[in-house]
Every structure is written in structure tokens, then in C-alpha cells.
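Some notes on the structure that comes next.
The values are calculated or read from the model by the stated rules, or taken from the named source; none is laboratory data. Predicted, not measured: the structure shown is a model, and the values here were computed from it. For neighbour counting, all protein chains shown are included, and Cβ atoms are generated from backbone atoms with ideal geometry for every residue, glycine included. Note: accessible area is taken over every heavy atom of the protein model, side chains too, but ligands, DNA and RNA are not part of it. Shrake-Rupley method; radii C 1.70, N 1.55, O 1.52, S 1.80 Å.
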Amino acid sequence: MDYKFWVEWPEGGGERIPGYVNRVVQDDLTKIFSAQVWQPEQVYRWRYSGVGRREHPLIYEAHIGMSMENRRVSTFNEFRAYVLPRIVDLGYNMIQLMGIQEHPYYGSFGYQVSNFYAVSSRFGTPDDLKRLIDEAHGYGIGVIMDIVHSHAVKNEAEGLSCFAGDYNQYFYPGERGEHRLWNSRCFDYGKNEVIGFLLSNCKYWLEEFHFDGFRFDGITSMLYWDHGLGRDFTEYKFYYDGNQDEDAITYLTLANKLIHEVNPEVITIAEDMSGMPGVASPLEYGGMGFDYRMNMGTPDYWIKLLKEKRDEEWHVGDLFYELTNKREEEHTISYAESHDQALVGDKTIFFRLVDKAIYSSMGVFDKNVIIDRGMSLHKMIRLVTIGTAADGYLNFMGNEWGHPEWIDFPREGNGWSYDHARRLWSLVDDENLRFRFLNMFDKAMIQMVNDTGVFHWRPEPLVRDNERQVLIFTRGDYLFVFNFNPEKSFPDYVFDAPSGKYTMVLNTDNKNFDGVGRIDEEVEHFTRYVSPGRGQLSLYVPARTGFVLRRS
């Protein structure tokens, strides 16, 4: 049964969808959204418990609606049957689902939320989502939700804006209640009723759907009255200049406290571009209590480097600094690219590397220097990003194998096309194309991280050879070696290293990953004695190659 409320106020009245509704559907003909009574005959019976806390999340970021190759909105059941096995095979231990809360405009990517307690019906039923999460738990994979509490859609018929004739019922009055860039409403975090609504929302998703945590979207907008717009945050004075929304900071702190009281095993991740200190610090130390923060400077650095620098100009000292620049007391998630870097007007990293050659030269028998460069750098960029990551890593669905082009949801400006709101799995499944080699490398890379536990140690630089573009660093007993030089290989590269025997673990130049196979991976490398515990190591380091060695 579909229904709506009729709400009256002194100046008039209107149809409204209840704020706490947990099921909203859209009529196929009228396109009007209505609440729906959701009372299945059988209550969903969970088969598996949660997976427990992930100290080092390896996150596969995904959007249900664009997860299939068909030109339409995909479903939870399709994702469960077709994409989840791919994630299991790759070895990621967490999935981050976007766009779960109901949103009237599909093209918003799920960020213009109208009904905060409702699963988006365009993907299926609440039980379909439960079944997906349950099956992921059966594989030992946690599922976190991309939760939007930073703003709400302006729509009055579908959302909370002017719910009972008062524009300020849920939201700040005046300009503070409007996000001019997002064209949305900003919550009044100083109201107890709003705090209760949002805190209950966190509890609801944890208890009803057994999510293993949240990524809080866009909290920079919450932390500052000006939403952080037009600010670079290059100095600490910008963090605390009277521009902070203390009510929002209090809410985020309360949310983290509540979430971890409901389930101490779940994790929370902050998406904050400002870098405000304390966001990912424990509550007992005066922080906001997030377990992790997204290392948003890393993808920005890669895009800037690829746009502005020729390969010969890559400065490995700067590269290592940018990839490891973080506060020691904060846990971070690194990534080369997420969905953000490929939104309309931008490109995936692989498409940026190879451009139009992707359409004509990806065959396994084609020889193309542009594709060769793109394949090599795509693997190296990912390996050095995860190799320098502090506590976790994230990848967006399909980008692990070099998904082409960009993301663009159906909208008036593109003729309501689904061409760029889908994943072209047929490309990676085609053995005649080279995409599959990038997929194989990603699987090997994730397996390497799972097998070695390298996140237990911090990266320590050994060599930052800017002239020859060679970067070498250690993580515990593992040695990461990169030669970003586009032309020069070094047959006898000598450097100081911890003494011992070194054997190959992972090599981007392996023929299984579409490499040239210039390194004999069976060779054992021994250090020459220099001093107690220290030695000299000599390695063959081919151009545009990265590899990992284990010391014993």
C-alpha cells in the first residue's frame, strides 16, 4: 500500500512523505514518489554474523545502479550474483556501497538524499540489500555504507525541506541553510530534534541491515560555516579561525560515540578535504572519534602529476613525500582514484594515460607504445599507492582493470543516456584484450598485502634518486623498488639496505601482467656486508617497473 501524509500549517498545507519512512517507491507513469508499507510475509533471517573489525580495510567502492553492463539501473540481486564474486576473487575485505539512501534524482549519484531511512527502491527491496550484505559476510567481506548526513535534497514533496511549512524545521535559517555549490539544504546540528533524527539514522542502518560501518560523506561542508569552499587549508590557522560549526563537530563526535557503542566492531571513515586535526583521533584524546580518514590528497596528487608533468619530470622525492604525508596519530585510507576522479568532465587514470588508443590498440597482439606506457604506469601507480598507504586502501569498481572513459549518470544534458553509468565487464572478460592483465595484477597486489601484512610497518625510505627516478623504501622485511624512468634501465643498481637474502614477491613487469619479463624472478639477492645489520644490495631495475622483495 502506498501512502502520503497531508500536513497542514497556518498558511496552507501539502502532501509529505514521513521523515522516518523506511520504504519509498516511484510510480512508473507519474514518476511521483510515495511512502509504502513494507511488511514482508517472512522476516529476513540472517545466516551470517558480521565479519569483525578490519584494522586494515581493503575497500572495493561500488555503486549498485551502475554495476552491470546493461543500459539501465542495476539491482542488488544482480550485484550479488555477478559483481560480488569478482570482489571475492580479487581479495578485497570490505565493500563500500554508495547511493543506498533514497534519492529522487538518480543523476545525483545518491548524494541528494530525500528519505534517510529508506533503501533506494530503484535497486530492489530492503530484503534484497540484506541478502547482499549477508552473502558478503559469508565470504568474510564487510560492507560499509556511504552515509550522507552533510546535507539533504531541497525537494519538498519528497524530502524534509519545508516539511511542515517551516523551511527551518530541520535546517539552518538563511544562507547557512543553503549549500550554494550542491544546491541542497544544510542541517541545523544545534537542534536536539535534528541530532536525534541523525543519530537514530546511524543506529537504524547498523541494527536493521548489519552494516559494518560508515563512510561519512562531505564532512568538510559540516565542519565549517562556509563549507570549506574556496579554501586551501595550507596553514593551521585556517582550521580554527572562528569559521567552525561547533554544533556539527559535536554531532559527528556523538555519532561516532553512538556507532561504536551499538557495535564496537564497526568502523567509521571521514571524507574530509580540509585535514582538520582531531577528525580521526579517539574521543578520549579530544578527537571526533573517526577510525579512519580518506587520504584525499593522494588522488589529487596523481591527477596533478599526470596533467602537468612529463614522465621525465617525475620527482620521486616529492612523490614519496606526497604519498606518505599524514599525521602519525591518525589512521588513513589511501587510493589512486575513487569515483570522484572519473566524474563527468574528468577521466579514469587509465583513460588519461592512453586516451583514444584505448579504442583501437588494446588487443593482445597489438603493439602500441602509448598502451605499453599506460599499462606499466597504471600498475606502478597502484603499487606505490598501496605500498605507501598507512592503514588501508580503496579502489572504485572497475578501475582496477583500467575501465575507460568517465562516469556520467543519465541527465538532460546527455540525453538521459546510461552509456557512462555502467561497467563494461565484457572488456576485462575478453581474453583478446589487455584489460585482463591489469585485473590479474590487482588480484596479485591485494593478495600480496593480505599475505605479507605490510600495513603493520610504516614505509621507511632508503633511496630517493631524483636524477635517475628510482624510489626504494622498506616496510618491515619487505623492500619496494620503483624505477619511474621512462627509458633507462639500471642493470647494477647498488644501494644500502638491511642485510639478508631477498626474494621476489610481486613484479609489475611479470609477463602474467602484460610485462616484458625482464627480471629473473627465481634469482635470490644477497647483500654485501657493510656493517652489523647493514649491507649493500645490487639489483637489476628495468625502466617503468615496480617490484617487491622479501628479506629473510
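General observations
- Residue count, region 421-465 (criterion: in contact with a Gly (Cβ under 6 Å, 6 or more places away or on another chain), open to solvent by less than 10 Å² (accessible area, probe 1.4 Å) and not charged (D, E, K, R)): 3
- Summed over region 13-45, residues that are of a type outside the set (D, E, K, R) and either part of a strand (DSSP E or B) or open to solvent by 70 Å² or more (accessible area, probe 1.4 Å) (or both) total 17.
- Selection count, region 149-173, where residues are open to solvent by 20 Å² or more (accessible area, probe 1.4 Å) and either among the basic types (Lys, Arg) or not in a loop (DSSP other than H, G, I, E, B) (or both): 1
- Just one of the numbered conditions (1) more than 18 Å from ASP217 (Cα to Cα); (2) in contact (Cβ under 8 Å) with a residue 60 or more places away in the chain; (3) of a type in the set (Gly, Ala, Ser) is not true of GLY286: (2).
- Filtered residue count, region 179-227, keeping only those that are among the small types (Gly, Ala, Ser) and farther than 20 Å from ASN256 by Cβ: 1
- Test: THR324 is open to solvent by less than 50 Å² (accessible area, probe 1.4 Å), within 15 Å of the chain's Cα centre (by Cα) and closer than 19 Å to PRO277 by Cβ: no
- Subset of region 85-121 that is among the small types (Gly, Ala, Ser) and open to solvent by 10 Å² or more (accessible area, probe 1.4 Å) - its residue that is farthest from the chain's Cα centre (by Cα): SER121
- Matching helices (runs of 4 or more DSSP H) fully within region 184-285 where at least 1 residues are touching an Asp or Glu at 6+ places or on another chain (Cβ under 8 Å), of a type outside the set (Asp, Glu) and surrounded by fewer than 18 Cβ atoms within 10 Å (Cβ to Cβ): 246-262
- Members of region 51-78 that are crowded, with 21+ Cβ neighbours inside 10 Å and outside any loop (DSSP other than H, G, I, E, B): LEU58, ILE59, TYR60, GLU61, ALA62, HIS63, ILE64, GLY65, MET66, PHE76
- Residues of region 340-359 classified as open to solvent by less than 20 Å² (accessible area, probe 1.4 Å) and either in contact with a Gly (Cβ under 8 Å, 6 or more places away or on another chain) or at pLDDT 95 or above (or both), total: 8
- Residue check for ASP146: surrounded by 18 or more Cβ atoms within 10 Å (Cβ to Cβ) and either acidic (Asp, Glu) or in a strand (DSSP E or B) (or both): yes
- Some residue of region 11-18 being on the phi > 0 side of the Ramachandran plot and either at pLDDT 95 or above or of a type in the set (Lys, Arg) (or both): no
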